[in-house]
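Written below as structure tokens is the structure these notes are about.
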Amino acid sequence: MWSLIKKELKENLTKFIIMFLVVLGTAFFLIPYGYNMVSQIPSELFNNPAVPGWLTDQLNAMLPNLKNINFFIFSQWFGKNLLQFAIFFGIIMSIGTIAGETERKSSVFLFSRPVTRKSILLSKVIVVFTFLIISIVIPTYLLPLLSNSIPLNVNMRLLNIGLLYAVIGTLATAAISILFSTLINDRLKATFAAFAAIIMTIPMAFIKGMHWISIVNLYVSAKFFQTGKMYFPPLICGIGIIIFSLTASYYILRKKEF
């Protein structure tokens with residue numbers, strides 16, 4: 001098992017380093033530079049006759065909220081940066097799990113070794129999930145340290161809740177990608193299929209009573225920020241997606257011929 005994990009660590013290390021540096025660099029740029037830039041925007045900037053009145057009202061109403069460090073982190077870090085990077089890198093790091101072995105023609109050798117397919121899949125999942133969690137958690141907890149230079153205090157409870165949502169959302173994205181990587185031997189086609197599956201959950205969230213079903217809402221849901229309380233349906237949905245996708249991946253892998 002350890003030899004399998006070392007193999008996966010070596011194969012995914014470059015992608016992990018790139019993702020970690022990109023997310024870390026974004027955190028450094030967001031605070032204090034991004035926050036300071038937003039906090040210095042004068043409200044008079046939006047009082048332009050050329051700008052529609054409804055848009056001016058929305059921008060003027062949003063600006064004071066963005067000057068609140070907690071709302072700024074919630075909207076810009078979780079609702080924008082992690083939403084983009086974590087989903088993108090979650091798919092990129094996961095999509096080659098099985099499809100990559102098939103494309104490299106290494107699947108016959110790998111799956112003919114005296115190890116179970118369960119061990120092979122588990123080692124791949126452990127490495128991918130670990131790299132994704134590290135790439136999200138460390139930059140996120142860097143934000144409170146960077147905010148001290150402003151100086152402003154970040155609400156750590158909200159930060160921890162937002163981080164939990166983002167981690168579950170990213171792992172759910174990775175689990176979906178692993179499922180399509182097992183189903184489809186071509187990495188490019190599997191990537192498009194994973195993106196399509198995630199995008200399809202967005203309009204479903206507009207159906208009454210199904211707001212919780214979208215993975216995107218794990219990053220941008222305002223319910224926990226407004227109430228300060230945990231909102232469990234999206235978390236349960238995300239965990240359910242992870243369990244279902246990995247279980248289905250294992251079942252398909254057991255039957256798959258190489």
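Cβ-Cβ distance below 7 Å, separation of 6 or more or different chains: which pairs start in segment 244-258 with a residue that is farther than 13 Å from residue 172 by Cα and part of a helix (DSSP H, G or I) and end on one that is open to solvent by 80 Å² or more (accessible area, probe 1.4 Å) and of a type in the set (A, V, I, L, M, F, W, C)?
252/183
Is it true that residue 60 is surrounded by fewer than 18 Cβ atoms within 10 Å (Cβ to Cβ), more than 23 Å from the chain's Cα centre (by Cα), modelled with pLDDT under 75 and not in a helix (DSSP H, G or I)?
no
Being out of contact with any Pro (no Cβ under 8 Å at 6 or more places or on another chain) and part of a loop (DSSP other than H, G, I, E, B) is true for just one of 100, 79, 96, 90. Which residue is that? Explain how you work it out, then say what you get.
Working: 100 fails: part of a loop (DSSP other than H, G, I, E, B); 79 fails: part of a loop (DSSP other than H, G, I, E, B); 90 fails: part of a loop (DSSP other than H, G, I, E, B).
Criteria check complete, one pass: 96.
Does residue 72 satisfy the criteria of being modelled with pLDDT of 75 or more, open to solvent by less than 80 Å² (accessible area, probe 1.4 Å) and either over 30 Å from residue 128 (Cα atoms) or assigned to a helix (DSSP H, G or I) (or both)?
Taking the combined requirement at face value, the residue satisfies it.
Of the residues in segment 107-127, how many are part of a helix (DSSP H, G or I) and either under 17 Å from residue 94 (Cα atoms) or modelled with pLDDT of 70 or more (or both)?
Final tally of qualifying residues: 12.
Results for (1) touching a Phe, Trp or Tyr at 6+ places or on another chain (Cβ under 6 Å); (2) buried (at least 24 other Cβ atoms within 10 Å of the Cβ); (3) part of a helix (DSSP H, G or I), shown as yes or no for each residue.
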residue: 134; (1), (2), (3): no, no, yes
residue: 137; (1), (2), (3): no, no, yes
residue: 140; (1), (2), (3): no, no, yes
residue: 145; (1), (2), (3): no, no, yes
residue: 152; (1), (2), (3): no, no, no
residue: 163; (1), (2), (3): no, no, yes
residue: 169; (1), (2), (3): yes, yes, yes
residue: 172; (1), (2), (3): no, yes, yes
residue: 177; (1), (2), (3): no, yes, yes
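If residue 25 passes every condition in (1) open to solvent by less than 60 Å² (accessible area, probe 1.4 Å); (2) modelled with pLDDT under 90; (3) of a type in the set (Gly, Ala, Ser) but one, which one does it miss?
Failing condition for residue 25: (2).
From the list 222, 197, 190, which one is open to solvent by less than 60 Å² (accessible area, probe 1.4 Å) and either at pLDDT below 70 or touching a strand residue (DSSP E or B) at 6+ places or on another chain (Cβ under 6 Å) (or both)? Before the answer, list the steps.
On the way: 197 fails: either at pLDDT below 70 or touching a strand residue (DSSP E or B) at 6+ places or on another chain (Cβ under 6 Å) (or both); 190 fails: either at pLDDT below 70 or touching a strand residue (DSSP E or B) at 6+ places or on another chain (Cβ under 6 Å) (or both).
On inspection, the qualifying residue turns out to be 222.
The values are calculated or read from the model by the stated rules, or taken from the named source; none is laboratory data. Note that the coordinates shown come from a computational prediction; the quantities given were computed from them, not determined experimentally. All Cβ positions, glycine included, derive from the backbone under ideal geometry; neighbour counts span all protein chains shown. SASA here: full protein model, heavy atoms, side chains in, ligands and nucleic acids out. Shrake-Rupley method; radii C 1.70, N 1.55, O 1.52, S 1.80 Å.
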